[in-house]
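I have placed the structure first, in the form of structure tokens, so that the comments after it can refer back to it.
Each reported figure results from applying straightforward, stated rules to the coordinates on display, with no laboratory input. Note that the coordinates shown come from a computational prediction; the quantities given were computed from them, not determined experimentally. Don't worry about glycine lacking a Cβ; one is built from the backbone with ideal geometry, like all the others, and counts go over all protein chains shown.
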Amino acid sequence: MTEMVLFNPFMPGFTDDPYPHYRELRDTAPVHEHPLGFWFLSRHDEVADLLRAGLSVEQRHLAPHPVRDQIRAASGDKHLRSGGLSMLDRDPPDHTRLRKLVTKVFTPRAIGALKPRIQQLVDESLDRLDGGGDLVAELAFPLPFAVINEMLGMQLADADRLRELTGTLVRSLEPIADPALAEQIMRADLELAELCRAAIAAKRADPADDLLTALIRAEEDGDVLDDEELVAQVILLYVAGHETTVNLISNGVVALLGHPEQHAALRAEPGLIGNAVEEFLRYDSPVQSGRRVTTEPITAGGQEIPAGSFVILGQASANRDERFWGPDADQLRLDRRDARLHVSFGAGPHHCLGAALARMEGQLAIGGLVARYPKLALAGEVEWNGRINLRGASKVPISV
Ligand code: HEM
């Protein structure tokens, strides 16, 4: 009999390559109750079902757990982030209301209209890469930030500071074991909120044709976003829309360059890029997992999970589950027919609002890179960012 393993994202090497560990979990403990006070689900069917089931995202429903509560208190995780007001952290009716108001302005039309500007930003990045360089620094990192920043029209004097702050805040999506980091995150949150309040006031005085103005004006049945709600949704758009897309582009290129025959196929048939991006999202998910709280007992994979449990849905593991994808689940295949069934954008009520934008950025960036530089290759060691959830390559030296 196979021995059961304990989910341990802190083990050496995990953040460079978590996939062998996920496989062990799927094989031996697919619905895994961890002694530290959470459940980890690793198979596709359970993860997809529970994402769609509309479980709570509000931590106030957690039942006390002696070990988890102690760790939380020691790590300084006080949950003070603006996230409390963002749709990502709200259940209905607030979630429904906030999402409706933001969806009103974050439309396919508004996103489609961005295409020429995204193409221009990609071309500028590709120019900078002439002669080779770091893909992350020149393309994967600056592109998504520039896109969401320009889309919102924040017009801040200090965009670099904003980028730094969102980079700190995004770490609140990771398990936090360091009180100093928890403190830094809280300070970044407060400073970001201040910057957003100032930008909102400026935009009220001087409206423009941009997303921030549209969010200020968004109205549904007489309902509008109040100022603190506005701030929280703006911060969410920065945080959710930035490093996730960085990972899509950098992890996608790393995967592609590790598979020369797939690279050759994409070079020969550029029209593959739409499906290729779905396969990149499946093969190495930019967001590795989601978190939920049960408000009543549920059954998953034949096992009961009690009310008040903290449940981690292992999306990256689900995306490699051979029970769902077949025996080639661990292979990158850009022509995979059902690649779009990945759960990298989540599913159900919180399904990623920016999926169409992320897809467009990924397609233009990776498709553009491959088309422009036929001799594209890795030119050194890839470095990983050491994150457990928003896991991505932080340095990708390329030659062109
Ligand atoms: C939600 C992934 C890009 C905005 C989510 C969720 C996932 C996700 C997994 C659901 C979280 C949950 O269920 O708890 C990704 C990935 C991206 C990406 C992998 C890039 C490859 C973007 C972009 C934007 C965005 C570019 C916008 C600028 C949002 C928003 C939500 C969300 C607003 C919250 C939806 C809700 O709570 O109803 N994203 N995202 N995302 N995403 Fe994305």
Next item on the list: Step through the residues of the range 367-382 one at a time and calculate ³J(HN,Hα) from phi using the Karplus curve (6.51 cos²θ - 1.76 cosθ + 1.60, θ = phi - 60°), rounding each to whole Hz and writing x for Gly and Pro.
Entry: x, x, 4, 5, 5, 6, 10, x, 9, 3, 7, 5, 10, x, 5, 7
Notebook entry, point to check: Among 188, 162, 145, whose Cα lies farthest out toward the positive end of the dipole of the chain, if unit charges sit on the beta carbon of Lys, Arg (+1) and Asp, Glu (-1)?
Noted result: 145
Check: Among 371, 297, 312, whose Cα lies farthest out toward the positive end of the dipole of the range 274-374, if unit charges sit on the beta carbon of Lys, Arg (+1) and Asp, Glu (-1)?
Finding: 371
Next item on the list: Specify the residue with the greatest mean-square fluctuation among 309, 317, 250, computed from a Gaussian network of the chain linking alpha-carbon atoms under 10 Å apart.
Entry: 309
Checklist line | Under the Karplus curve 6.51 cos²θ - 1.76 cosθ + 1.60, θ = phi - 60°, whole-Hz ³J(HN,Hα) for the range 55-71, x wherever Gly or Pro sits | finding: 5, 6, 10, 9, 5, 5, 7, 5, 6, x, 9, x, 6, 4, 4, 5, 4
Notebook entry, point to check: Hey, rough spin-label estimate for residue 341 and residue 395, points 7 angstrom out along Cα→Cβ, what's it come to in nanometres?
Noted result: 4.0
Check: Within straight cross-link reach of residue 115, meaning Cα distance under 23 Å, which lysines are found once same-chain residues fewer than 8 apart are removed?
Finding: 104
Checklist line | Amide H contacts of residue 395 (H built 1.01 Å from N, under 5 Å, at least 5 apart or other chain) | finding: 383
Check: When a footprinting reagent is the concern and you count Cβ atoms within 10 Å, what order do 65, 351 take, fewest first?
Finding: 351, 65
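Would you list 87, 4 from fewest to most Cβ contacts within 10 Å?
Details: 87 25, 4 11.
Neighbour counts put them in this order, fewest first: 4, 87.
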Checklist line | Chain lengthening between residue 259 and residue 115 when straightened (0.36 nm per residue, less Cα-Cα) | finding: 49.0 nm
Item checked: Of the GluC sites (Glu not before Pro) in the range 304-400, those whose Cβ has at most 15 other Cβ within 10 Å and which sit in DSSP loop -> 381
Item checked: Residue of 258, 13, 290 that the Gaussian network model of the chain assigns the largest fluctuation, springs spanning Cα pairs under 10 Å -> 13
Checklist line | Spatially proximal lysines relative to residue 375 (Cα-Cα < 21 Å; intrachain offsets below 8 disregarded) | finding: 395
Check: Counting Lys and Arg as +1 and Asp and Glu as -1, each charge on the Cβ, what is the dipole of the range 80-137 about the Cα centre in debye, to the nearest 20?
Finding: 580
Margin query: Just to compare against my own numbers: the Cα pair-distance distribution for the chain, 20 Å bins, whole % per bin, please.
Written below: 27, 59, 14, 0
Next item on the list: Tell me which residues come under 5 Å, amide H to amide H, from residue 56 once H is placed; ignore anything under 5 positions away on its chain.
Entry: 293, 295
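Please report, in debye to the nearest 20, how large the charge dipole of the range 265-400 is about its Cα centre when each Lys and Arg carries +1 at its beta carbon and each Asp and Glu carries -1 there. Could the numbers behind the result be given before it?
Numbers: 16 positive and 15 negative charges, 71 e Å.
Approximately 340 debye in magnitude.
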Next item on the list: List the residues whose amide H sits under 5 Å from the amide H of residue 62, counting only those 5 or more places along or on another chain, with H placed 1.01 Å from N in the peptide plane.
Entry: none
Notebook entry, point to check: Quick one: Karplus J couplings for the range 201-212, per residue in order, coefficients 6.51, -1.76, 1.60, θ = phi - 60°, nearest Hz, x for Gly and Pro?
Noted result: 4, 5, 6, 4, 6, 9, x, 9, 8, 8, 5, 5
Checklist line | For the range 7-145, size of Cβ-based charge dipole, Lys and Arg +1, Asp and Glu -1, in debye | finding: 880
Check: Dipole of the chain (Lys/Arg Cβ +1, Asp/Glu Cβ -1, origin at the Cα centre): which of 253, 222, 133 lies farthest to the positive side?
Finding: 222
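Could you put 191, 138 in order, starting from the residue whose Cβ has the fewest other Cβ atoms within 10 Å? Don't skip to the end; give the middle numbers.
Numbers: 191 16, 138 19.
If I rank by nearby Cβ atoms, fewest first, I get 191, 138.
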